[in-house]
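Visitor: One structure coming up, written as structure tokens, with questions to follow.
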Amino acid sequence: MLTRELVARLPKAELHVHLDGSLRPRTMLDLARQARVELPASDPDALARYMVVDDARHLEDYLARFDLTVALLQTPEAIERVAYEMCEDAAADGVRYLEIRYCPSLSRHGGLTLDEVIEAELRGLARGETDFGITARIINCSLRHYRPEQSLEVARHSVAFRDRGVVAFDLAGGEAGRPPAMHQAAFDAAADGCLGITVHAGEAAGADSVAQALHRCHANRIGHATRLHEDPALAAWVRDRRVPLEINITSNVQTRVVARPEDHPVRRYFDDGLVVTLSTDNWLMSGVSLSGEYWLAHRALGFTREEIDRMIVNGFESAFLPWPERAALVAAVRDELAGTR
């Protein structure tokens, strides 16, 4: 029998979670005191309740909460601490492989360089790997509202860190009216530099956004893809080429892309043979854990233990890791899943 406790014990891969969306409330309070930033609550529980976005009308409303967390990520010490604590929290939830995404340009308001931001995050992940037995990597994001040359700068710095723990390049931020191909030069640079590529697409914009991500921006994976079903031919193309989809059920409800978890197209995608895996998007703003998302998929969408195992394996198989490392992880996870009942 599948239980919430059993789901928590299963080994999992988290492929889509944002650094600036996953701070601990108590850490926010500490960092705010140091940075002399005023927060809307002084109690960790009250702050946690405030930071969960349950009042958004659309994606842009959801993203507005990030102004508070980004203001606290302007020193190397803060960035390193949050990255380290994310490793600890992920490991406690049964996550064995973690890809943390962040736009390093967001931490330049206090004078840090892109390289200093990335190096601070890498230090936190390195300590987290050692202390908690987790494998953790970085996906650097640019943002859709940036000028294309800003995105190109982030992509070039990401390539420079390719062999130090940055495994992919991504484009995030407000999607509607901002097609990913506007940043094609950055994606070209990432592809030329042999980075993995994933793109937020098909959330606040339709399937055409997914098509651009795939055909113009070299995407190896798609983040969200909630509206991919609007183009059945494209969905079949994605299925046939085994392009992984990073599905985030709770945040899609919060941003009003779907009305309720029961309406999420992930059930249809899975049944149609697409490569789907679950992620959280943001632990803080969505108030979720990865175990919670898998449990939600079971309760709201009827995913069985065997189907959950398949999605978990999909996550490890889709990791932006060198093949030998990925194959070893997948083999170990298959054995552990078989032995966890």
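The values are calculated or read from the model by the stated rules, or taken from the named source; none is laboratory data. Given the structure is predicted, the values throughout are model-derived calculations rather than measurements. For neighbour counting, all protein chains shown are included, and Cβ atoms are generated from backbone atoms with ideal geometry for every residue, glycine included. Note: areas computed on protein heavy atoms with side chains; ligands, DNA, RNA excluded. Shrake-Rupley method; radii C 1.70, N 1.55, O 1.52, S 1.80 Å.
Visitor: Which residues, counting only those in segment 61-82, are closer than 24 Å to ASN252 by Cα and open to solvent by less than 10 Å² (accessible area, probe 1.4 Å)? Let's see the steps before the verdict.
Guide: So the first thing to find is which residues in segment 61-82 are closer than 24 Å to ASN252 by Cα, and the list is 61-70.
Across segment 61-82, the qualifying residues are TYR62, THR69.
Visitor: How many residues, within segment 138-156, are of a type outside the set (S, T, N, Q) and either open to solvent by less than 50 Å² (accessible area, probe 1.4 Å) or within 17 Å of the chain's Cα centre (by Cα) (or both)? Explain how you work it out, then say what you get.
Guide: Within segment 138-156, the subset of a type outside the set (S, T, N, Q) is 138-139, 141, 143-149, 152-156.
From what's left, either open to solvent by less than 50 Å² (accessible area, probe 1.4 Å) or within 17 Å of the chain's Cα centre (by Cα) (or both): 138-139, 141, 143-144, 146, 152, 154-155.
Residues that pass the stated criteria total 9.
Visitor: Quick one: what pairs do we get from segment 283-304, first residue of a type in the set (Phe, Trp, Tyr), second open to solvent by 30 Å² or more (accessible area, probe 1.4 Å), C-beta under 8 Å, 6+ apart or different chains?
Guide: TRP283/ASP89; TRP283/SER289; TRP295/ARG4; PHE303/ARG267; PHE303/PHE270
Visitor: Considering only segment 1-21, how many residues are out of contact with any strand residue (DSSP E or B) (no Cβ under 8 Å at 6 or more places or on another chain) and either open to solvent by less than 10 Å² (accessible area, probe 1.4 Å) or modelled with pLDDT of 95 or more (or both)? Spell out the reasoning first.
Guide: Residues of segment 1-21 that are out of contact with any strand residue (DSSP E or B) (no Cβ under 8 Å at 6 or more places or on another chain), as a first pass: 1-10.
When the remaining residues are screened for being either open to solvent by less than 10 Å² (accessible area, probe 1.4 Å) or modelled with pLDDT of 95 or more (or both), the result is 3-10.
Total satisfying the criteria: 8.
Visitor: Being more than 25 Å from GLU60 (Cα to Cα), basic (Lys, Arg), open to solvent by 10 Å² or more (accessible area, probe 1.4 Å) and over 18 Å from the mean Cα position of the chain (by Cα), is that true of even one residue in segment 117-137?
Guide: yes
Visitor: Quick one: which helices (runs of 4 or more DSSP H) lie wholly within segment 189-289 and hold at least 2 residues that are aromatic (Phe, Trp, Tyr) and over 30 Å from ALA46 (Cβ atoms)? Show your work before the answer.
Guide: Details: elements: 207-215, 232-240, 249-254, 266-271, 283-286.
Where helices (runs of 4 or more DSSP H) fall fully within segment 189-289 and carry at least 2 residues being aromatic (Phe, Trp, Tyr) and over 30 Å from ALA46 (Cβ atoms), they are 266-271.
Visitor: Spot the failing condition for HIS58; the list is (1) touching a residue at least 60 places away in the same chain (Cβ under 8 Å); (2) surrounded by fewer than 20 Cβ atoms within 10 Å (Cβ to Cβ); (3) in contact with a His (Cβ under 6 Å, 6 or more places away or on another chain), and only one is missed.
Guide: It fails just one condition, (3).
Visitor: Open to solvent by less than 30 Å² (accessible area, probe 1.4 Å) and in a loop (DSSP other than H, G, I, E, B): does that describe VAL37?
Guide: Details: open to solvent by less than 30 Å² (accessible area, probe 1.4 Å): no; in a loop (DSSP other than H, G, I, E, B): yes.
Here the answer is no, as VAL37 does not meet what is asked.
Visitor: I want to confirm something. Restricting to segment 189-216 and keeping residues that are at pLDDT 95 or above, open to solvent by less than 20 Å² (accessible area, probe 1.4 Å) and in contact with a His (Cβ under 7 Å, 6 or more places away or on another chain), which single residue is farthest from ILE139 (Cα to Cα)?
Guide: Among those that are at pLDDT 95 or above, open to solvent by less than 20 Å² (accessible area, probe 1.4 Å) and in contact with a His (Cβ under 7 Å, 6 or more places away or on another chain), it is ALA201.
Visitor: For SER107, state whether it is without any contact (Cβ under 8 Å) to a residue 40 or more places away in the chain, among the polar types (S, T, N, Q) and buried (at least 24 other Cβ atoms within 10 Å of the Cβ).
Guide: Working: without any contact (Cβ under 8 Å) to a residue 40 or more places away in the chain: yes; among the polar types (S, T, N, Q): yes; buried (at least 24 other Cβ atoms within 10 Å of the Cβ): yes.
Criteria met by SER107.
Visitor: Also: Every residue in segment 157-188 that is in a helix (DSSP H, G or I) and open to solvent by 10 Å² or more (accessible area, probe 1.4 Å), please. I'd like the intermediate steps shown before the answer.
Guide: Going through segment 157-188, the residues in a helix (DSSP H, G or I) turn out to be 157-160, 162-164, 180-188.
The answer is HIS157, VAL159, ALA160, ARG162, ASP163, ARG164, ALA181, MET182, GLN184, ALA185, ASP188.
Visitor: Within segment 50-70, is there a residue that is in contact with a Ser or Thr (Cβ under 6 Å, 6 or more places away or on another chain), under 16 Å from SER22 (Cα atoms) and not in a loop (DSSP other than H, G, I, E, B)?
Guide: Yes; the residues of segment 50-70 include at least one that is in contact with a Ser or Thr (Cβ under 6 Å, 6 or more places away or on another chain), under 16 Å from SER22 (Cα atoms) and not in a loop (DSSP other than H, G, I, E, B).
Visitor: Inside segment 40-50, can you point out the residues that are under 20 Å from SER286 (Cβ atoms) and either surrounded by 19 or more Cβ atoms within 10 Å (Cβ to Cβ) or without any contact (Cβ under 8 Å) to a residue 12 or more places away in the chain (or both)? Break it down stepwise before answering.
Guide: Step one: list which residues in segment 40-50 are under 20 Å from SER286 (Cβ atoms), which gives 40-41, 44-50.
Result: ALA41, ALA46, LEU47, ARG49, TYR50.
Visitor: Taking interchain pairs and intrachain pairs at least six residues apart, which have beta carbon atoms under 7 angstrom, with the first residue in segment 154-171 and at pLDDT 95 or above and the second surrounded by fewer than 24 Cβ atoms within 10 Å (Cβ to Cβ) and among the polar types (S, T, N, Q)?
Guide: Close Cβ pairs (under 7 Å, with a partner that is surrounded by fewer than 24 Cβ atoms within 10 Å (Cβ to Cβ) and among the polar types (S, T, N, Q)) amount to VAL154/SER105.
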